[in-house]
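Let me begin by presenting the structure, written as structure tokens, before commenting on it.
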2 protein chains.
Amino acid sequence: MMDKISIKQLLQSREEIDSICVKGWVRSVRRGKGVAFVALNDGSCFASLQIILDPGLENYETVSKVGTGACLSVVGKLVASPASGQDWELVATEVILVGDADEDYPLQKKRHTLEYLRTIAHLRPRSNTFGAVFRMRSALAFAVHKFFQERGFLYVQTPIITANDCEGAGEMFRVSTLDPSTPPQKDGRIDWSADFFGERTGLTVSGQLQGELFATAFSDIYTFGPTFRAENSNTSRHAAEFWMIEPEIAFADLSANCRLGEDFLRYLVIYALENCQEDLDFFNQRVEKGLIAKLEDLAKAEFRTVSYTEAVELLQKSGQKFEFPVEWGHDLQSEHERFLTEKIFSGPVFVTDYPKQIKAFYMRMNEDEKTVAAMDLLVPRVGEIIGGSQREERYDMLTLRMADQGIAEDDLSWYLDIRRWGTCPHAGFGLGFERLLMYLTGMENIRDVIPFPRTPGHAQF
Amino acid sequence: MMDKISIKQLLQSREEIDSICVKGWVRSVRRGKGVAFVALNDGSCFASLQIILDPGLENYETVSKVGTGACLSVVGKLVASPASGQDWELVATEVILVGDADEDYPLQKKRHTLEYLRTIAHLRPRSNTFGAVFRMRSALAFAVHKFFQERGFLYVQTPIITANDCEGAGEMFRVSTLDPSTPPQKDGRIDWSADFFGERTGLTVSGQLQGELFATAFSDIYTFGPTFRAENSNTSRHAAEFWMIEPEIAFADLSANCRLGEDFLRYLVIYALENCQEDLDFFNQRVEKGLIAKLEDLAKAEFRTVSYTEAVELLQKSGQKFEFPVEWGHDLQSEHERFLTEKIFSGPVFVTDYPKQIKAFYMRMNEDEKTVAAMDLLVPRVGEIIGGSQREERYDMLTLRMADQGIAEDDLSWYLDIRRWGTCPHAGFGLGFERLLMYLTGMENIRDVIPFPRTPGHAQF
């Protein structure tokens, strides 16, 4: 049997090929007079390959009538295509119907809504839109690793199951093997010491705390793994399960942290422009007009920096009416963030040094003792895309902040140990991988950039 | 302030450097007459940098007495070292004690047992052994992505939270947000429809089923993510949370699957030999004598293939006394697998076509209707390192097998849909990332190749 070649490779051919084999799924069939055309796609690239079926084929009657979604193996001759929009087509000499598809196939050739496609998440990767989304997801995941590995960062896979309930980022799912109907009791309460891990455990909301441990051994590290939020929020930007990238760098202050964030985002945008051109063209035409120009702008943009205090002043002086008032000491709302990056700075901007009361206990106290060395990176159309901080490396200051927020030292003794012996300044940030993908593709719902999204009421597939 | 350079880069210098800054943690201090020596490590490589402290330094009295584990920032001149075993040393002109460490530091310079080091998993990355382990873990994770991306495979991040209880690989952890003390009831039983996802959910044991969905859209895909087993087994080879790599290839049979497994393992071994030399030297000397020779052998070994039926005959005829009898229809025990790969074949060997009753429902039925197209790759010293199969792509055969094993069609309707429309032959396998690391490093306990291992009774850090 002849080895198959991917359609991506085939379409990059520089010359005609006498006999070659491709395999894939039918996107459409068009039957003309004495000829039929099949668009065959194997997922290796956006484009489908046009197959020419001649009535001379032994099984012409069958294969010229296959339905959308059928699986074919085709041997044929690759020739220059007279049709516009494609360089090559394949004149079939042998067609095998590997797997048929009838008219019940849920992904018929017509426009489907994104909502409908979510209900067939097992089939939507075979559509143009989701083929492009998941090819870009794969390419960008690799780009994340490439960026850090080329710079000598160590990849650490931090734990998914955790006994920490103070990671500071949100509500947690409980993980247990106790019999839920009759859990063991002690003193009238559930006895978690009888559970699998001997204590109460949940799904991680962030790998940062463990990432910090590794940064004080390997200097520069990053995590890239799933994180979880048990929050009952049905928005287009929240999922219960998503992937996060969290670099942590030793001997770094907030400004080094911002530089890393800038370099990282710019690298990913350029990587997408250079490696995902065909898929980006599709998004640019069909999903977000001007997407490519937006990305090209970001690739060469100056990244500005403004303190939270200055940002509040700028917003208050802007004369803009906001739904939520702008007031020092309160978190910036999405509308404020968008106004800053889109109207005031017209480009990416780091907002730094937030009031301590609205930020997590581990962020480093500034000399004013009112603000902490936090930073958020805001970009047009999305708002916050990166959030990070310099960490509190001073033992006494950290325990003070933990006491303020009611966190028991015993619960984080290992985290404190890093400040006890050989402490050093360090900083890091988090980038939600799905937020990045939404920015790069123009897709507006997080459910449409995750293979099988988990949201309240939804754990199908 | 001068930018720091990593010790890895510094040690690759081709010439003396007048003034350069390094930062790291003290591995040891030795005080001589009128001079002190500090071994400084920053995790960028195995080797520490020797720092020469001269009494002329302003803070000589302090810095020449720092404890193991202290954090230093050093500016100095890089000069050729007269000492053996190192090309370069740094003559300090300025030393800053960034973070002190007293004699309570739990990682003093002496030999510690691996058991003790597990109790300080937050500090053990600063030891020689675990520095090497986690550098290799990072390098090999990247190699996994590199292998597949270079071959046009799409990376898919399959879900961690799942409502499937038939993934076929083991006991599951339950994931819930219901109040565990007073869960809502319906008809005298817990009402899972009131839970976060509207049904009973757990942590995935494998991404294979979802991987198959993606393979029938993108042809060649792989997963690389955490998987879970809620099994109360306290062995050196089992953890409750571990990372797994699962490629899935469309239009492939069992022999193509074996070829991919062979190429993949060989690639990873060669990648380690070429990119982790310094760390491998350490393991070769201190952890597993002959490790490098073992890996070099594997890199050029012929991978043999034997059917399960033949393997059983070979074992029975061998005259070897086994603890467990060898009998057709029973799973091969570890002792049988080791004997096959170490004594009979003296190298890597695929065992194929196992009895259907000991394998999962999704494996493709062979023509004999007694065996399925499964394969395990066995390697010396470890036994099974890869397990996979061709998948049952025939709708009727698959539903028959599901009925045999008591799996309701409704629970896997989406999995069946792939066979309903455009079905195609496909195959794949799983490689436990930690098993691979144990093989590559010689470390004998899975707890020692995972940053923060999760096992029964243990979810610390």
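Tabulated data for the structure shown
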quantity: With eigenvalues of the C-alpha gyration tensor scaled by 5 and rooted, the stretch B:321-461, Å; calculated: 31, 22, 14
quantity: Average accessible area per residue (Å²) across the protein assembly as shown - probe 1.4 Å, nucleic acids and ligands excluded; calculated: 41 Å²
quantity: Kirkwood hydrodynamic radius of the stretch B:240-367, Cα pairs, Å; calculated: 17.1 Å
quantity: DSSP H segments from chain A that extend 27 Å or more along their own axis, Cα-based, with Kyte-Doolittle mean of -1.0 or above; calculated: A:128-150, A:254-275
quantity: Simple label model, 7 Å out from Cα along Cβ direction - A:Glu103 to B:Met2, nm; calculated: 8.0 nm
quantity: Three-way shape call for the stretch B:13-145 based on the alpha-carbon gyration tensor, with the a/c threshold at 1.5; calculated: oblate
quantity: Filter on B:Lys8/B:Lys65; A:Lys294/A:Lys370; A:Lys110/A:Lys343; A:Lys359/B:Lys109; A:Lys8/B:Lys300; A:Lys289/A:Lys356 - keep pairs with C-alpha separation over 28 Å; calculated: A:Lys294/A:Lys370; A:Lys110/A:Lys343; A:Lys359/B:Lys109; A:Lys8/B:Lys300; A:Lys289/A:Lys356
quantity: Total charge dipole magnitude, the protein assembly as shown, about the Cα centre, Cβ charges on Lys, Arg, Asp, Glu only, Debye to nearest 20; calculated: 720 debye
quantity: Exam field: A:Asp187 pseudo-label spacings to other copies (7 Å along Cα-Cβ), nanometres; calculated: 3.9
quantity: Dimensions in Å of the protein assembly as shown - Rg and Dmax from alpha carbons; calculated: 29.2, 98
quantity: Cα centre as origin, Lys/Arg/Asp/Glu Cβ charges: the stretch A:72-183 dipole, Debye; calculated: 400 debye
quantity: Local electrostatic count at B:Cys71 - Lys and Arg +1, Asp and Glu -1, tallied over other residues with Cβ under 11 Å; calculated: 0
quantity: Residue-averaged beta-carbon neighbours from other chains (10 angstrom radius) around A:17-26; calculated: 2
quantity: The stretch B:147-227, relative contact order in percent, only Cα pairs under 8 angstrom and at least six apart counted; calculated: 45 percent
quantity: Part-to-part distance (alpha-carbon centres) for the stretch B:192-232 and the stretch B:54-85, which is given in Å; calculated: 52 Å
quantity: Alpha-carbon centroids, the stretch A:286-303 and the stretch A:367-406: separation in whole Å; calculated: 29 Å
quantity: Gained length - B:Asp253 relative to B:Arg31, 0.36 nm times residue gap less alpha-carbon distance; calculated: 73.4 nm
quantity: Given charges at beta-carbon only (K, R positive; D, E negative), |dipole| of the stretch B:315-447 in Debye; calculated: 380 debye
quantity: Distances in nm from A:Gln405 to the matching label points in the other copies, shortest first (labels 7 Å along Cα to Cβ); calculated: 4.5
quantity: Dipole of the stretch B:294-384, positive end: most advanced residue of B:Val351, B:Met375, B:Phe339 [Cβ charges, Cα centre]; calculated: B:Phe339
quantity: Normalised contact order of chain A, rounded percent, pairs of Cα under 8 Å and 6 or more residues apart; calculated: 13 percent
quantity: Rounded percent of accessible protein surface that carbon and sulfur make up, chain A, 1.4 Å probe; calculated: 45 percent
quantity: Lysines with Cα under 17 Å of B:Lys4, excluding same-chain neighbours fewer than 8 positions away; calculated: B:Lys23, B:Lys77
quantity: Spin-label model distance (nm) - A:Gln316 vs B:Tyr116, 7 Å beyond Cα toward Cβ; calculated: 5.9 nm
quantity: Label zone at A:Arg286 (point 7 Å along Cα-to-Cβ), backbone N below 14 Å, the stretch A:438-452; calculated: A:442-443
quantity: In the stretch A:232-318, the GluC sites (Glu not before Pro) that fall in loop regions by DSSP, at most 11 other Cβ within 10 Å; calculated: A:Glu302
quantity: Residue (of B:Cys71, B:Leu114, B:Leu97) at the positive-pole extreme of the stretch B:58-119, dipole from beta-carbon charges; calculated: B:Leu114
quantity: Pseudo-label separations to other copies for B:Ser13 - Cα-to-Cβ vector, 7 Å, nm; calculated: 5.6
quantity: Residues along the stretch B:395-425 losing 50 Å² or more of accessible surface when the other protein chains are present rather than the chain by itself (probe 1.4 Å); calculated: B:Trp414, B:Trp421, B:Gly422
quantity: D (Stokes-Einstein, µm²/s), Kirkwood Cα radius, the stretch B:406-454, 1.306 mPa s at 10 °C; calculated: 110 µm²/s
quantity: Karplus 3J(HN,Hα) series, Hz, for the stretch A:244-251 with 6.51 cos²θ - 1.76 cosθ + 1.60 (x for Gly, Pro); calculated: 10, 10, 9, x, 9, 10, 7, 6
quantity: Cα gyration tensor of the stretch A:96-162 - equivalent ellipsoid semi-axes, whole Å, descending; calculated: 36, 15, 13
quantity: Label-point separation in nm, B:Glu296 to B:Asp368, each point 7 Å along Cα→Cβ; calculated: 4.0 nm
quantity: The stretch A:1-87: C-alpha gyration tensor shape, a/c 1.5 cut-off, then a/b vs b/c; calculated: rounded
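The values are calculated or read from the model by the stated rules, or taken from the named source; none is laboratory data. Predicted model, so just to flag it, every value in this text is computed and none were measured. Using ideal geometry, Cβ is built from the backbone for each residue, glycine included, and neighbour counts are taken over all protein chains shown. Remember, those area values only see protein heavy atoms, side chains included, never the ligands or the DNA or RNA. Shrake-Rupley method; radii C 1.70, N 1.55, O 1.52, S 1.80 Å.
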